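Each remark here refers to the structure printed beneath this line.
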Amino acid sequence: MKNFFIEKFNMENQCIVLSTSYISPLDEIDVLQDELRKQNYFGTLIIDLLLCNGLSSNRYIEVYFNGDDLDFSTLKVVSNVSTTIRKKSNQFYMSHKDVLNRGILSDAHRYIVENGLI
């Protein structure tokens, strides 16, 4: 079972990878890259590590996918993600509340996410 969900945006050739368990999508790098190749994707990738890192400053990371592989020389923590990405991410977790139990979130943080208070 994959521990991530990929959502592609129509803007600026960008997509977001959302964690669906405490296991980081980067721990499944081969599966992630295969999925991106199947979607013929290339460009900037935002990875939301909410269920791995919680509501911390390293929740979002950014890396470039060149169509074949992730370019780890471009990997960085992103603190100023766009409103669109935050909104999509929050909508995903609010509509998939079952995955929130598979992460590291405390009860208080789970409540905040479930109710869209972030």
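The values are calculated or read from the model by the stated rules, or taken from the named source; none is laboratory data. Quick caveat: nothing in here was measured; it's all calculated off a predicted structure. Cβ: placed from backbone, ideal geometry, glycine included. Neighbour counts: every protein chain shown.
Can you tell me which residue in region 20-51 is surrounded by the fewest Cβ atoms within 10 Å (Cβ to Cβ), limited to those that are in contact with a Lys or Arg (Cβ under 9 Å, 6 or more places away or on another chain) and touching a residue at least 40 places away in the same chain (Cβ under 8 Å)? Before the answer, list the steps.
If we filter region 20-51 for residues that are in contact with a Lys or Arg (Cβ under 9 Å, 6 or more places away or on another chain), which is where we start, we get 20-23, 25, 28, 31-32, 35, 39, 41, 48-51.
Going one step further and asking which of them are touching a residue at least 40 places away in the same chain (Cβ under 8 Å), we end up with 20-22, 48, 50-51.
Details: T20: 22, S21: 18, Y22: 16, D48: 26, L50: 25, L51: 26.
Filtering region 20-51 for residues that are in contact with a Lys or Arg (Cβ under 9 Å, 6 or more places away or on another chain) and touching a residue at least 40 places away in the same chain (Cβ under 8 Å), the one surrounded by the fewest Cβ atoms within 10 Å (Cβ to Cβ) comes out as Y22.
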Condition set basic (K, R) and touching a residue at least 12 places away in the same chain (Cβ under 8 Å), scope region 87-118, selection nearest to T44 (Cα to Cα): answer is K88
Flagged in region 59-86 as surrounded by 12 or more Cβ atoms within 10 Å (Cβ to Cβ), modelled with pLDDT under 95 and either touching a Lys or Arg at 6+ places or on another chain (Cβ under 8 Å) or not in a loop (DSSP other than H, G, I, E, B) (or both), in numbering order, are T84, I85, R86
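Quick grid of which residues meet (1) within 21 Å of I23 (Cα to Cα); (2) out of contact with any Gly (no Cβ under 8 Å at 6 or more places or on another chain); (3) of a type in the set (G, A, S):
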| site | (1), (2), (3) |
| --- | --- |
| L45 | yes, yes, no |
| T74 | no, yes, no |
| V77 | yes, yes, no |
| T84 | no, yes, no |
| G103 | yes, no, yes |
| E114 | yes, yes, no |
| L117 | no, yes, no |
Within region 93-109, identify whether any single residue is outside any helix (DSSP H, G or I) and surrounded by fewer than 12 Cβ atoms within 10 Å (Cβ to Cβ), and answer yes or no.
yes
